[in-house]
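Read-outs: derived from the displayed coordinates by stated rules, not from any lab. Values in this document were obtained by computation on a predicted structure and should not be read as measured data. Here the Cβ positions follow ideal geometry from the backbone for every residue, glycine too, while neighbour counts run over all protein chains shown.
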Amino acid sequence: MPSESAVWSRHVAVPETPAGFTVRTTVPGNPDGVEVMLERWEAGSAEPPHSHPGDDMTVVVEGRMRIQFFTRGAAGLVADGGPLELADGQTGYVGAGRIHDASYVEACKLVYVHDGAFGFVAE
């Protein structure tokens, strides 16, 4: 999945740096950049179903979290498979527009990267 995520696109070479190095910087300084957040979540906290306008990547530095994906059914949101659990050192990817929630089983420290400017769409 990482090679398919837009988070890893639009990198550029930087003059006078070692060969093989490219970088993608942040918005708003770079309109083709990413938004990066260092997040902390208390154990037992949760986010309601929502989506984001761009692909995103969450790296769990510490803790354990669950992500549940949803689709729209005739009666509202329907769970799309079982929950995805991420723990220390693991990375999760969510595609642009994909409806999901998140719950924090343990206190978490996360690095969150969003393709382009961040947006939160409540579902």
*Report, in debye and to the nearest 20, how large the dipole of the chain comes out about its Cα centre when Lys and Arg carry +1 and Asp and Glu carry -1 on their Cβ.*
100 debye
*Taking other Cβ within 10 Å of each residue's Cβ, how do His11, His52, His114 sort, fewest first?*
His11, His52, His114
_Bins of 10 Å from zero: percent of alpha-carbon pairs in segment 40-99_ = 20, 52, 25, 3
*Give the Kirkwood hydrodynamic radius (Å, one decimal) of segment 1-61, defined as one over the mean of 1/r across all pairs of different Cα atoms.*
14.3 Å
*Taking the mean number of other Cβ atoms within 10 Å as a proxy for protection, how do you rank 68-79, 91-102 from highest to lowest?*
91-102, 68-79
_Percent of beta bridges antiparallel (DSSP, the chain, rounded to nearest 5)_ = 95 percent
*Between Arg40 and Glu85, take the C-beta separation as r, use R0 = 22 Å, and let me know the FRET efficiency to the nearest 0.05.*
0.70
_I need the calculated FRET efficiency for the pair Ala74 and Ala19, taking r as the beta carbon distance and R₀ as 41 Å, to the nearest 0.05._
0.15
*Sequence of Glu42, Glu47 once ranked by neighbouring C-beta atoms within 10 Å, starting from the fewest*: Glu42, Glu47
*Report the semi-axes of the equivalent ellipsoid for the chain in whole Å, largest first, where each axis is √(5λ) for an eigenvalue λ of the Cα gyration tensor.*
28, 17, 12
